[in-house]
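Here's the structure, in C-alpha cells; my notes come after.
The values are calculated or read from the model by the stated rules, or taken from the named source; none is laboratory data. Keep in mind that what you see is a predicted model, and the values were worked out from it rather than measured. Every residue, glycine as well, gets a Cβ built from its backbone with ideal geometry; the counts of neighbours run over all protein chains shown. These accessible areas exclude ligands, DNA and RNA; they are computed on the full protein's heavy atoms, side chains included. Shrake-Rupley method; radii C 1.70, N 1.55, O 1.52, S 1.80 Å.
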Amino acid sequence: MTRRPARTALTAVLLLIAGLFVALGIWQVERRAWKHALVAAVETRAHAAPVAAPGPAQWRAVTQDRDAYRRVTVEGRFLPGRQTLVRAVSDLGSGYWVLAPFDTGRFTLLVNRGFIPPEAKGRVPEPQGQVRITGLLRITEPGGGFLRSNDPASDNWYSRDVPAIAAKRRLGTVAPYFIDADGSLDAPGKPTGGLTVIRFPDNHMVYALTWFGMAALCLWALGRLRSSA
C-alpha cells in the first residue's frame with residue numbers, strides 16, 4: 001500500500017518537470033523568432049541611406065533595440081589631443097579602436113575612427129578642419145570587456161564606455177552613443193574604418209531541442225513507471 005502514494009508523487013513530479021521543459025523549449029522557439037526579426041531589422045538599418053545623428057532632444061529615445069547599427073551622418077570637427085585607445089580584436093588582428101571626440105557645433109559625440117595595429121599606438125594623425133562622418137550608431141558599452149574591466153585611472157580601456165571616456169577626457173555632456181565610422185576617411189597611416197561586425201549568436205533552436213528532448217525523457221520515464229505498476 002505504501003508504494004501507491006510514492007508512485008503517485010513521482011508521477012506528479014515527472015509531469016511537472018516535463019511541463020517545465022516544454023515551456024522552456026517554447027520560450028526558446030519564441031526567442032529564435034525575436035532574434036531573426038532583430039537581425040532583419042539591423043540589416044535594414046545598416047544598409048539604409050544615412051540619417052542625421054540624433055541630437056540632444058532625441059537622446060532619451062535612443063535605444064539598443066530601435067537604433068543600434070542605424071546608419072547615420074554628422075558634420076563637425078574633431079577635438080584635438082583627446083583620442084582614446086580601446087583594446088580590440090578585429091578582422092585585421094589585435095590592436096586598438098581609436099575613439100575621438102567630435103564637435104558638431106550643437107553637441108559632442110564620440111566617433112570610433114577605426115582600427116590601428118599595436119605598432120601604430122602613439123602616432124595616429126588627427127583629422128583637421130571640417131569633416132563629414134558617416135557610420136553606424138552604436139550604444140555605449142559600459143564596464144569593460146570579457147573578464148577585463150576598464151581602468152580609467154591608468155587609461156586602459158577594454159570597451160567603448162561613452163560616459164566613462166567622456167569623464168576621463170573632461171568632455172562634459174556627450175551623446176549616449178558613439179559612431180563606428182565607415183572607411184570614407186581611410187588613408188595611409190590613419191585608422192581603418194568600416195570594420196563593424198554585425199553578428200548575433202543564434203543557438204536558440206539547439207536549446208529548444210535540448211529542452212524538448214528532456215521533456216521526452218521525462219515522459220519516457222513516466223511510461224516506464226506506469227508499465228511497471
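Take Ala40 and tell me if it is touching a Pro at 6+ places or on another chain (Cβ under 9 Å), open to solvent by less than 70 Å² (accessible area, probe 1.4 Å) and either among the acidic types (Asp, Glu) or without any contact (Cβ under 8 Å) to a residue 12 or more places away in the chain (or both).
no
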Residue selected from segment 111-156 under the condition in a strand (DSSP E or B) and either touching a His at 6+ places or on another chain (Cβ under 9 Å) or of a type in the set (S, T, N, Q) (or both), by the criterion surrounded by the most Cβ atoms within 10 Å (Cβ to Cβ): Asn112
The lone exception for Gly189 - which of (1) out of contact with any strand residue (DSSP E or B) (no Cβ under 7 Å at 6 or more places or on another chain); (2) exposed (fewer than 15 other Cβ atoms within 10 Å of the Cβ); (3) modelled with pLDDT under 90; (4) on the phi < 0 side of the Ramachandran plot it fails: (4)
Ser94 being under 28 Å from Pro152 (Cβ atoms), among the hydroxyl-bearing types (Ser, Thr, Tyr) and surrounded by 13 or more Cβ atoms within 10 Å (Cβ to Cβ): no
Any chance Arg71 is open to solvent by 50 Å² or more (accessible area, probe 1.4 Å), in contact with a Pro (Cβ under 8 Å, 6 or more places away or on another chain), within 22 Å of Val197 (Cβ to Cβ) and not aromatic (Phe, Trp, Tyr): yes
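Do we find that Arg106 is in contact (Cβ under 8 Å) with a residue 12 or more places away in the chain, surrounded by fewer than 13 Cβ atoms within 10 Å (Cβ to Cβ) and among the charged types (D, E, K, R) in this structure?
Values: in contact (Cβ under 8 Å) with a residue 12 or more places away in the chain: yes; surrounded by fewer than 13 Cβ atoms within 10 Å (Cβ to Cβ): yes; among the charged types (D, E, K, R): yes.
Considered against the rule, which asks whether it is in contact (Cβ under 8 Å) with a residue 12 or more places away in the chain, surrounded by fewer than 13 Cβ atoms within 10 Å (Cβ to Cβ) and among the charged types (D, E, K, R), Arg106 comes out as yes.
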Filtered residue count, segment 131-161, keeping only those that are under 30 Å from Ala48 (Cα atoms), touching a strand residue (DSSP E or B) at 6+ places or on another chain (Cβ under 6 Å) and of a type outside the set (Ser, Thr, Tyr): 8
Hits in segment 1-37 - residues which are within 19 Å of Leu217 (Cα to Cα), surrounded by 12 or more Cβ atoms within 10 Å (Cβ to Cβ) and of a type outside the set (A, V, I, L, M, F, W, C): Arg7, Thr11, Gly19, Gly25, Gln28
Residue that is at pLDDT 95 or above and either part of a helix (DSSP H, G or I) or among the acidic types (Asp, Glu) (or both), where the choices are Trp59, Trp27: Trp59
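Tell me which residues, restricted to segment 157-171, are in a helix (DSSP H, G or I) and crowded, with 18+ Cβ neighbours inside 10 Å.
Matches in segment 157-171: Val162, Ala164, Ile165, Ala166.
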Filter result (surrounded by 12 or more Cβ atoms within 10 Å (Cβ to Cβ) and on the phi < 0 side of the Ramachandran plot) within segment 192-207: Thr192, Gly193, Leu195, Thr196, Ile198, Asp202, Asn203, His204, Met205, Tyr207
Cβ pairs under 6 Å, 6+ apart, first in segment 117-135 and farther than 20 Å from Phe178 by Cα, second open to solvent by less than 30 Å² (accessible area, probe 1.4 Å) and among the small types (Gly, Ala, Ser): Pro117/Gly95; Pro118/Gly95
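Within segment 50-68, how many residues are over 11 Å from Leu109 (Cα atoms) and open to solvent by 20 Å² or more (accessible area, probe 1.4 Å)? First the steps, then the outcome.
Looking only at segment 50-68, we keep the residues that are over 11 Å from Leu109 (Cα atoms), and these are 50-52, 57-68.
Then keep just the ones that are open to solvent by 20 Å² or more (accessible area, probe 1.4 Å); that gives 50-52, 57-66.
Final tally of qualifying residues: 13.
It is to be established whether one or more residues within segment 208-225 are open to solvent by less than 60 Å² (accessible area, probe 1.4 Å), in a strand (DSSP E or B) and modelled with pLDDT of 85 or more.
Quick first cut of segment 208-225, residues open to solvent by less than 60 Å² (accessible area, probe 1.4 Å) only: 208, 213, 215-216, 218, 221-223, 225.
The next check asks that each one be in a strand (DSSP E or B); those that pass are none.
No, segment 208-225 has no match at all.
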